[in-house]
1. Among what's in region 67-94 and is over 21 Å from residue 116 (Cα atoms) and outside any loop (DSSP other than H, G, I, E, B), pick the residue that is nearest to the ligand (Cβ to nearest atom).
2. Can you name the residue in region 95-105 that is buried (at least 22 other Cβ atoms within 10 Å of the Cβ) and assigned to a helix (DSSP H, G or I) and, of all such residues, is nearest to the ligand (Cβ to nearest atom)?
3. Find all pairs meeting these conditions: Cβ atoms under 8 angstrom apart; at least six residues apart or on different chains; first residue within region 259-279 and under 20 Å from residue 223 (Cβ atoms) and in a helix (DSSP H, G or I); second residue open to solvent by 50 Å² or more (accessible area, probe 1.4 Å) and within 12 Å of the ligand (Cβ to nearest atom).
4. Filter region 29-66 for residues that are more than 17 Å from residue 115 (Cβ to Cβ), within 16 Å of the ligand (Cβ to nearest atom) and of a type in the set (Phe, Trp, Tyr) and give the result.
5. Please determine whether any residue of region 146-154 is out of contact with any Gly (no Cβ under 8 Å at 6 or more places or on another chain), assigned to a loop (DSSP other than H, G, I, E, B), open to solvent by 30 Å² or more (accessible area, probe 1.4 Å) and at pLDDT below 95.
6. Would you mind telling me which numbered condition in (1) under 21 Å from the mean Cα position of the chain (by Cα); (2) among the acidic types (Asp, Glu); (3) assigned by TED's automatic domain parsing to the domain that holds residue 93 residue 221 fails?
7. Any idea which of (1) open to solvent by less than 30 Å² (accessible area, probe 1.4 Å); (2) within 18 Å of the chain's Cα centre (by Cα) is the one residue 112 doesn't satisfy?
8. Can you pull out the residues in region 282-306 that are open to solvent by 20 Å² or more (accessible area, probe 1.4 Å) and farther than 15 Å from residue 76 by Cα?
Amino acid sequence: MSLKGNIYKIYTAACSPIRFAGNLIDTPAVILIYHRVAFLENDPQLLAVKPDNFYRQVEWLKNKYNIITLEELGNHLKNGRIPKKSVVITFDDGYADNYLEALPVLEALSADATFFITTNSIGSEREFWWDDLERVFLNDVILPPSLLLEISGKTYQFDTSTPASKLKTYNKLHPILKFRKSVDRDDLIRIILDWSGLSYKSRQTHRPMTIKELSKLSKSEYTTIGAHTQSHTPLSILSKDEQQHEIIKSKMQLEEWTNTQIKHFSYPFGSIKDYDKNSVAICEEEGFCTACSNFYSQVHSWSNRYELPRCLIRDWNFEFFKNQINKFFRY
Ligand SMILES: [Zn+2]
C-alpha cells in the first residue's frame, strides 16, 4: 500500500465533503460490518448488536436500500458500475450467534450476508483471546492482586487489586496481545487463565460456531462464507510466507467444511496498520473476488476490490443507525 494511498484513505474517511463530492459523479455502495447479534452485559469492544435491534436494522435496510451480495458488488466493480442504493451486510470472526441469532433474521427478511470466518476458532470450544481478557479482567472474578508476565524477555507487573486497576490492565494487555504472533499470544492467554483460576473452556455466550453450525450456515440461500485467516493475527506483523499460509489454509479449510468455493476475504482487524501490500497481493494472486478492510468510507466504482472499505455497525439507537447509513448516500 503506498503512502499516497494511505493518506487518501485517511483523508476521505475523515472529510465528509470529499466523500460526498464522490457521490456526485459516481453512485456509492456501503458495506456494513457486524460481529455479533447478542445481548451482552459486558461488551468493551462494542461488538454486539441486540437481536431486536438487528431485526429492525435489516428490515429498514431491506425496505429503503438494495441489499446485494458481496459477489454481486465484486462483479459490479469489475464492470465499473454500481447499482443505486446498494448495501452489503458482512459479519467477521465466526461467533455462534451468527448462526443462532443472525441467520433466522436474514432468512425471515430474505436478506443476504457474507460471514468471514477465523478457522482455528471453529469447533475449538475456546473464546477469542479478546473475550478471554474481558472474562478475566472485566467481570467480578476474584483475582490475585498482581500479575507477572514475561513478554519478549522482559518482565511486566500488572496491578489487578481493584476494578479500576483491572480495567487499566485490560487496556494495556489488549494491544500487546493483538500485535503478537498466535503461538506467543496463545501462551500468554494460557498463563493469564491459569493465574486467574478460570477454565480454558468458552462461555456459552461467547463461543465460536461449531463445524456443524458453520456448515448449516453455509447452506442457507442467503449466506456466503468468506475467509478471515486461521488465527486472527494482524497480517502486517507476519512475513509474506506466513501471511500466505494464514490466508490459503483458512480458505482451504472452509472449502472442505462448506463444500463451496471461497471467493471473499477480510483482513483481521482490517485497519491500514493491520495489513500491508503483501496481504493485498496475496488475495489478488490467490484469485479472491474481493478482500474487505475496516476503514470508514463508501465503495465507488474506482475502489480497489482488494481493499474495500466497510462501516462498523454498533448497537446504536435506531435513529442514529438510519442517519449513519443515509449519510453515505448524500451528496
Ligand atoms: Zn475479525
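1. Going through the qualifying residues, I end up with 78.
2. For region 95-105, the residue satisfying everything is 98.
3. Listed pairs, sorted by first residue: none to list.
4. The answer is none; no residue qualifies.
5. Going residue by residue through region 146-154, those that are out of contact with any Gly (no Cβ under 8 Å at 6 or more places or on another chain) are 146-154.
Now restrict to residues that are assigned to a loop (DSSP other than H, G, I, E, B): 152-153.
Checking the rest, the ones that are also open to solvent by 30 Å² or more (accessible area, probe 1.4 Å) come to 152-153.
With the extra rule that they be at pLDDT below 95, the set shrinks to 152-153.
Yes, region 146-154 contains a residue that is out of contact with any Gly (no Cβ under 8 Å at 6 or more places or on another chain), assigned to a loop (DSSP other than H, G, I, E, B), open to solvent by 30 Å² or more (accessible area, probe 1.4 Å) and at pLDDT below 95.
6. That leaves (1) as the condition not met.
7. It is condition (1) that residue 112 fails.
8. 284, 285, 286, 287, 294, 295, 296
The values are calculated or read from the model by the stated rules, or taken from the named source; none is laboratory data. All figures in this text were calculated on a predicted structure; none of them were measured in a lab. Don't worry about glycine lacking a Cβ; one is built from the backbone with ideal geometry, like all the others, and counts go over all protein chains shown. Calculation scope for accessible area: heavy atoms of the full protein, side chains included, ligands and nucleic acids excluded. Shrake-Rupley method; radii C 1.70, N 1.55, O 1.52, S 1.80 Å.
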